[in-house]
Amino acid sequence: MARMRYQQALARALRDEMLRDPSVFVLGEDVRASLRGVTRGLAAELGDQRIIDTPISEQAFTGFAMGAALAGHRPVVEFQIPSLLFTAYEPIVNQAAKFRLMTGGQAKVPVTYVVPGSGARMGLAAQHSDHPYAMFAQAGVKTVVPATAADAYGLFVSAIRDDDPVVFFAPAAALGGREEVADDAGPIPLGVGRVHRSGDDVTVVAIGHLVRDALKVAEELAAPDADGGDPISVEVFDPRTIYPFDWAGLAASVRRTGRLVVLDDTNRSCGLAAEVVATAAEELADALVAPPRRITRADAPIPFAVELEVALLPSRAQLADAVRSVAAIGPRGALAQEAVR
Amino acid sequence: MSAADLYRTMRTIRRFEEQIVTLVNANEIAGVTHEYIGQEAVATGVCAALRDDDVITSTHRGHGHVIAKGADVPRMMAELLGRTTGLNRARGGSMHIADVSLGIYGANGIVAAGAPIAAGAAWAGLQAGSDRVAVCFFGDGAVNQGVLHETMNMAGIWRLPVLFVCENNGYAVSFAQEQATAGSLVERAAAYGMAAVRVDGMDVEAVRDAAGALVAAARAGGGPAFLECETYRFVGHHTAEATMGLGYRSDEEIARWRERDPLLVEAARLDAAAVAEIDASVEELLERALAFARESPRPEVSSARDYVYASGLVPREGVAV
Ligand SMILES: Cc1ncc(C[n+]2csc(CCOP(=O)(O)OP(=O)(O)O)c2C)c(N)n1
Ligand SMILES: [Mg+2]
């Protein structure tokens with residue numbers, strides 16, 4: 001058992017998979033020198049053909065990975081900046097992710113696209129601060145946004161082993177977080193969420209680095225507030241995989257709490273939170289005692305000045321307010337249990 | 001490949017395409033298709049230089065490449081008619097037709113998108129210690145797509161065995177090649193440090209010989225190469241163009257190129273009896289193909305979300321259940 005940083009867990013998962021499976025190789029910009037820290041030392045250990053530095057040609061190296069995958073390899077494509085996924089949207093969404101359907105199941109395309117450092121990073125401004133995971137979920141591409149080191153390890157292993165294209169977002173704000181990762185840690189299945197904290201009153205769905213914020217808010221609200229308001233028991237549910245989403249896990253939680261707040265770092269319009277709230281409204285209406293809420297990024301590009309950046313990102317204060325507002329509606333605790341029965 | 005075999009492949013493509021036009025116009029094939037009529041010598045000549053384990057990536061105008069690489073013609077016909085016995089189980093149609101087992105990594109609906117896929121496959125061949133090559137077919141319209149240039153550069157720096165085959169038919173839909181492209185195509189390719197050759201794309205033997213030399217060099221470790229084939233499509237950009245009256249080229253121009261019909265060029269090298277015998281057997285093949293396709297089942301609508309994920313994941317429906 002070792003306590004390690006998220007980024008180290010990613011590096012360990014990659015190395016473990018590369019040692020286990022000779023068909024795994026990495027390509028991307030500055031991966032031999034390991035600018036992003038996930039491939040450090042691997043070129044020296046495994047050779048230049050397993051860790052391939054590419055020219056700054058995102059469309060070509062992303063499509064290249066697909067060709068290599070069709071010919072039997074398991075490429076891992078690293079993107080230096082989350083917004084680079086916009087330049088590679090065509091080869092991922094329109095080529096790799098549709099190939100199996102278009103060929104009637106003739107081939108598999110096991111490529112992993114990884115962004116080690118997604119989302120805002122304080123001061124990188126509009127073109128380096130995107131978190132475009134909902135865009136891939138919307139297109140039906142398997143998409144993972146792990147929140148913690150152990151999840152990063154297990155989900156990276158699964159993404160690499162998966163026979164379909166998988167986009168893997170490692171949020172910049174989560175990369176420094178530490179967690180125990182077992183020496184014999186294995187894959188964590190895609191599409192299975194994790195309850196980080198159980199609670200009875202409100203389900204908070206939080207994604208990626210926002211899980212930590214949700215846990216802090218849950219902690220605060222568990223104590224009676226300064227005005228003597230009742231403690232609120234918050235359940236923090238992390239889907240971990242954005243697509244396929246763990247709808248069963250969401251339903252199990254919301255059916256117990258009857259309330260839902262989603263905390264999501266994609267834009268408000270057509271973001272992931274919109275999908276979660278819409279699905280809950282349609283499919284869990286009988287269980288909901290309060291209208292669901294969502295706290296998201298604003299519908300705007302990230303400005304440079306840090307206070308402006310922070311003003312547009314989802315915050316703990318917004319989450320706490322939303323949780324209090326839904327908790328104020330309907331019976332709670334034992335009463336709620338009775339109502340559900 | 002003998003002159004008779006070259007002619008047979010070209011004749012198969014030509015007659016396949018002519019039948020497809022009829023079937024599209026009769027609404028027996030949905031959508032539109034992009035016919036290869038006039039360009040048969042390119043796919044046929046290039047694929048004559050290839051082995052079964054070589055890879056090709058194709059274009060929106062892909063039937064010729066797929067036939068020349070050896071795909072089963074009845075199953076192609078079934079695919080175009082939307083039948084479950086089709087190569088792609090009725091999921092691909094004309095623009096995505098593929099047979100991965102034959103190294104046909106798909107026709108492609110996006111101009112130039114096949115280029116990096118071919119490069120990745122070529123790299124994989126090198127890793128496997130094989131001398132197989134990958135051929136990337138594309139039109140003159142693709143030469144102004146960034147991804148093609150990114151890929152030619154990558155193939156150049158990594159010395160990948162990729163043959164870039166540009167089918168210069170003079171037009172990208174209605175836009176004339178000289179108006180679209182600054183400078184010369186072969187000079188552009190040569191700037192990436194690869195051999196770049198222009199050949200008469202209406203003479204299948206010239207194409208086969210030029211491609212053969214470049215493929216042999218690539219197999220021997222010589223890196224990528226570029227082959228520009230000067231050719232022409234005798235028909236519209238796609239089946240629907242006939243009724244659109246786009247008027248971007250003259251009947252005289254088409255007639256001039258038809259004089260150099262690649263099938264006539266090659267037939268002149270064979271004796272008439274051999275040509276007649278091949279023509280008859282091609283008719284027989286196509287009749288069989290159409291009968292097979294028509295007799296084959298249409299897909300069950302309940303299977304519309306099948307084959308999306310290798311892991312077996314089934315996508316959600318568009319309505320809550
Ligand atoms: C990237 C992209 N842009 C536009 C189109 C629409 N389109 C389909 S074919 C075509 C012309 C292609 O011309 P060329 O590459 O010369 O091939 P040809 O049709 O002449 O065989 C265009 C513009 C497309 N499919 N993909
Ligand atoms: Mg053209």
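The values are calculated or read from the model by the stated rules, or taken from the named source; none is laboratory data. What you see is a predicted model; the values in this text were computed from it and never measured. Methodologically, a virtual Cβ is constructed for each residue, glycine included, from the backbone with ideal geometry; neighbour enumeration extends over all protein chains shown. Note: areas computed on protein heavy atoms with side chains; ligands, DNA, RNA excluded. Shrake-Rupley method; radii C 1.70, N 1.55, O 1.52, S 1.80 Å.
Listed values, structure above:
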{"quantity": "Sites B:Leu246 and B:Val301, calculated FRET efficiency, Cβ-Cβ separation with R0 45 Å, nearest 0.05", "calculated": "0.80"}
{"quantity": "Chain A, relative contact order in percent, only Cα pairs under 8 angstrom and at least six apart counted", "calculated": "16"}
{"quantity": "In sequence order, calculated HN-Hα J values of region A:205-216 (Karplus, 6.51, -1.76, 1.60; Hz; x Gly/Pro)", "calculated": "8, 10, 10, x, 4, 6, 4, 4, 5, 5, 5, 4"}
{"quantity": "Share of carbon and sulfur in the accessible heavy-atom surface of region A:2-181 [1.4 Å probe, %]", "calculated": "50"}
{"quantity": "Protein accessible area in region B:3-294, 1.4 Å probe - carbon and sulfur %", "calculated": "52"}
{"quantity": "Nearest 10 degrees, 0 to 90: helix A:58-70 Cα axis against chain A principal axis", "calculated": "80"}
{"quantity": "At 1.002 mPa s and 20 °C, Stokes D of region B:52-131 from Kirkwood alpha-carbon radius, µm² per second", "calculated": "169"}
{"quantity": "Residues of region A:234-255 with amide N under 20 Å of a point placed 7 Å along Cα→Cβ from A:Arg324", "calculated": "A:234-236"}
{"quantity": "Percent accessible area from carbon and sulfur atoms, region A:225-340, protein chains only, probe 1.4 Å", "calculated": "59"}
{"quantity": "Relative contact order %, chain B, counting alpha carbon pairs below 8 Å whose residues are six or more apart", "calculated": "23"}
{"quantity": "0 to 90° range, to nearest 10: angle between helix A:316-327 axis and chain A longest Cα axis", "calculated": "50"}
{"quantity": "Hz values of 3J(HN,Hα) by residue in region B:107-112 - Karplus curve (6.51, -1.76, 1.60), Gly and Pro given as x", "calculated": "5, 8, x, 10, 4, 6"}
{"quantity": "Normalised alpha carbon radius of gyration of region B:3-294 [divisor 2.2 N^0.38 Å]", "calculated": "0.95"}
{"quantity": "Listing of region A:99-132 residues, each with accessible area lower by at least 20 Å² in the full protein assembly than in the chain alone (probe 1.4 Å)", "calculated": "A:Phe99, A:Arg100, A:Leu101, A:Met102, A:Thr103, A:Gly104, A:Gln106"}
{"quantity": "Cα-based helix-to-principal-axis angle, A:6-20 vs chain A, degrees rounded to 10", "calculated": "40"}
{"quantity": "Heavy-atom accessible surface that B and A bury in contact, both chains counted, 1.4 Å, Å² to 100", "calculated": "3400"}
{"quantity": "Amide H partners (placed H, <5 Å) of B:Val197, local residues excluded", "calculated": "B:Phe226, B:Leu227, B:Glu228"}
{"quantity": "Heavy-atom accessible area, 1.4 Å probe, ligands and nucleic acids excluded: residues of region B:118-162 down by at least 30 Å² from chain alone", "calculated": "B:Gly120, B:Trp123, B:Ala124, B:Gln127, B:Val147, B:Glu150, B:Met154, B:Trp158"}
{"quantity": "Estimated vicinal HN-Hα couplings, Hz - region B:261-268 in sequence order (Karplus 6.51, -1.76, 1.60; Gly, Pro = x)", "calculated": "3, x, 6, 5, 4, 6, 4, 5"}
{"quantity": "Whole-angstrom gap from region B:187-253 to region B:70-130, using each part's C-alpha centre", "calculated": "20"}
{"quantity": "Other-chain or far-sequence residues with amide H under 5 Å of A:Gly117's (modelled H)", "calculated": "A:Ala170, A:Ala172"}
{"quantity": "From the C-alpha gyration tensor of region A:61-196, square roots of 5λ in Å", "calculated": "24, 20, 12"}
{"quantity": "All Cα pairs of region A:194-330, percent lying beyond 26 Å", "calculated": "18"}
{"quantity": "Equivalent-ellipsoid semi-axes of chain A, from the Cα gyration tensor, Å, largest first", "calculated": "36, 20, 19"}
{"quantity": "Kyte-Doolittle mean at least -1.0 and Cα axial length at least 24 Å: DSSP H helices in chain B", "calculated": "B:3-25, B:272-295"}
{"quantity": "5 angstrom amide H check on A:Val24, placed H, neighbours 5+ away", "calculated": "A:Arg74"}
{"quantity": "Ordering of A:26-34, A:192-200, A:168-176, B:115-123 by packing [mean C-beta count within 10 Å, highest first]", "calculated": "B:115-123, A:168-176, A:26-34, A:192-200"}
{"quantity": "Share antiparallel - DSSP beta bridges, region A:2-181, percent rounded to 5", "calculated": "15"}
{"quantity": "Region A:194-330: relative contact order as a whole-number percent, Cα under 8 Å and 6+ apart", "calculated": "26"}
{"quantity": "FRET efficiency, 1/(1 + (r/R0)^6) with R0 35 Å, evaluated for B:Ala180 and A:Ala281 via beta carbons", "calculated": "0.10"}
{"quantity": "Å² per residue, accessible surface of the protein assembly as shown at 1.4 Å", "calculated": "38"}
{"quantity": "Diffusion coefficient, µm² s⁻¹, Stokes-Einstein with Kirkwood Rh over alpha-carbon pairs of the protein assembly as shown at 20 °C and 1.002 mPa s", "calculated": "79"}
{"quantity": "Two-site FRET efficiency, B:Ala216 against A:Ala251, from Cβ-Cβ distance with R₀ of 45 Å, rounded to 0.05", "calculated": "0.15"}
